[in-house]
Amino acid sequence: MTDLQKTVAPEDVAGAGLDARLVVDRGTFRLDVALAANPGDVVALLGPNGAGKTTALRALAGLTPLDGGHLRLDGAGLDGTPPESRPVGVVFQDYLLFPHLSALDNVAFGPRCQGATKAEARTQAQAWLDRMGLTEHAGAKPRRLSGGQAQRVALARALATRPRLLLLDEPLAALDARTRLDVRAQLRRHLAEFEAVAVLVTHDPLDAMVLADRLVVIEHGHVVQEGAPSDVARRPRTDYIAQLVGLNLYRGNADGHTVHIADDGPAITTTEDLTGPVFVAFPPSAVTLHRERPTGSSARNLWRCEVSGMETHGDQIRAALSGELPLAADLTTVAAAELGLHPGVAVWATVKATQTHAYPA
């Protein structure tokens, strides 16, 4: 491991990592979120607009004071520590590079604030720019950098202070689609080398799935689900998460292989044998649509619906259906045309039991 990658060895720190309960009370909105992470963990905070993600990030940075709870990093309490004295690096959504400084001096700014001489700081900064593949852009001002280059300079500036907590606020949001793909891969590599705790705020599920070891989903100021990306994607527990990962999600009561969605509502047949409150999920691609009631179909689930909306979804059409069971269905453009689909058309929707997934609520 290089000196640039070395921070404080986790085993040398009592209570290494992040241990926080962030309570911020704004009268009409209250954030109450617990976060814990070990050195080397990358945690993504996900949630709809107004859920409290940015408030949580600002509280971790010390930019928003806590109204309760606690914040400990490597065993040391940070509740009363001013932002500039915290071992925390931040990459803001719009990077906030100093426009009058070169890329080199932007990165050198942190080490200089920590007491390094100008020459020492520039040597460290140059090494970080080399690692980021920006050797040839050391003398460039921010206005001469592309979006991806500016993002990497901002990341280098944050890492040059050797933080024990790295905070990233929508770090890829300002990039176009092609640049985002490349920078995401580079960022994943740099985060994999980072020994301390990284917390990423994003609204993009792909960014979260690719970059994070663990997802923490916040809604209305509270954690509604957390876990490994694969677990959250497979077992969503709220409508927001289901939409995020592209699943139809229902809550009901199971009696063996049958899940009743409501007292007088439809039922869903599953392969799981469960009892009591459960969730049932299946992807829109599992839904097959018919203009006439199908006969001889092997699908165990059949509902009469009406097309309430249609939109392009990648290279397919996603149809929103209302009726016995509101759901989304994906089909090809050719299939949509052959079925003559448009809002208001009545259809029958089928889903095989083997394509559903039921799990305890």
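The values are calculated or read from the model by the stated rules, or taken from the named source; none is laboratory data. Remember, predicted model here, so these are calculated numbers, not experimental data. Every residue, glycine among them, receives a Cβ derived from its backbone with ideal geometry; neighbour counts consider all protein chains shown.
Is it the case that some residue within the range 321-333 is more than 29 Å from the chain's Cα centre (by Cα) and assigned to a loop (DSSP other than H, G, I, E, B)? The answer is yes, given that some residue of the range 321-333 is more than 29 Å from the chain's Cα centre (by Cα) and assigned to a loop (DSSP other than H, G, I, E, B). Against the definition (surrounded by 15 or more Cβ atoms within 10 Å (Cβ to Cβ), closer than 22 Å to Ala56 by Cα and not charged (D, E, K, R)), how does Thr179 come out, yes or no? So Thr179 does not fit the description; no.
Residues are listed down the side, and each one gets a yes or a no for (1) part of a helix (DSSP H, G or I); (2) in the same structural domain as Asp213 (by TED's automatic domain parsing); (3) touching a strand residue (DSSP E or B) at 6+ places or on another chain (Cβ under 6 Å); (4) surrounded by 21 or more Cβ atoms within 10 Å (Cβ to Cβ):
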{"residue": "Val232", "(1), (2), (3), (4)": "yes, yes, yes, yes"}
{"residue": "Thr269", "(1), (2), (3), (4)": "no, no, yes, no"}
{"residue": "Val280", "(1), (2), (3), (4)": "no, no, yes, yes"}
{"residue": "Ser285", "(1), (2), (3), (4)": "yes, no, yes, no"}
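Has the range 22-43 got at least one residue that is under 23 Å from Ala174 (Cβ atoms) and not aliphatic (A, V, I, L, M)? Checked against the condition, which is being under 23 Å from Ala174 (Cβ atoms) and not aliphatic (A, V, I, L, M), the range 22-43 yields no hits at all. Being at pLDDT below 95 and farther than 27 Å from Pro326 by Cβ holds for only one residue in Val210, Val245, Val232, and it is Val210. Among the numbered conditions (1) at negative phi; (2) in a strand (DSSP E or B), the only one that Gly256 does not meet is (1). Checked across the range 91-105, the condition of being of a type in the set (S, T, N, Q), surrounded by 14 or more Cβ atoms within 10 Å (Cβ to Cβ) and under 29 Å from Leu206 (Cα atoms) holds for at least one residue. Residue check: His342 meets all listed conditions (1) surrounded by 16 or more Cβ atoms within 10 Å (Cβ to Cβ); (2) free of Cβ contacts under 8 Å to residues at least 60 places away in the same chain but one, namely (1). Applying the criterion of being within 16 Å of the chain's Cα centre (by Cα) and in a strand (DSSP E or B) to the residues of the range 142-176, the residue that is surrounded by the most Cβ atoms within 10 Å (Cβ to Cβ) is Leu168.
Do we have Arg251 as more than 18 Å from the chain's Cα centre (by Cα), touching a residue at least 60 places away in the same chain (Cβ under 8 Å) and either part of a helix (DSSP H, G or I) or outside the structural domain of Gly276 (by TED's automatic domain parsing) (or both) here? No: the conditions fail for Arg251. The condition (being assigned by TED's automatic domain parsing to the domain that holds Val216, under 26 Å from the mean Cα position of the chain (by Cα) and at pLDDT below 95) is satisfied by just one residue among Gly75, Gly110, Gly47: Gly47. Residues in the range 1-42 that are in contact with a helix residue (DSSP H, G or I) (Cβ under 7 Å, 6 or more places away or on another chain) and either modelled with pLDDT under 90 or in a loop (DSSP other than H, G, I, E, B) (or both): Leu4, Gln5, Ala16, Pro39. If you go through the range 334-361 and keep only what is among the charged types (D, E, K, R) and under 31 Å from the mean Cα position of the chain (by Cα), you end up with just Lys352.
So for the range 178-190 (the condition being touching a residue at least 60 places away in the same chain (Cβ under 8 Å) and in the same structural domain as Val88 (by TED's automatic domain parsing)), does at least one residue qualify? No, there is no match, as no residue in the range 178-190 is touching a residue at least 60 places away in the same chain (Cβ under 8 Å) and in the same structural domain as Val88 (by TED's automatic domain parsing).
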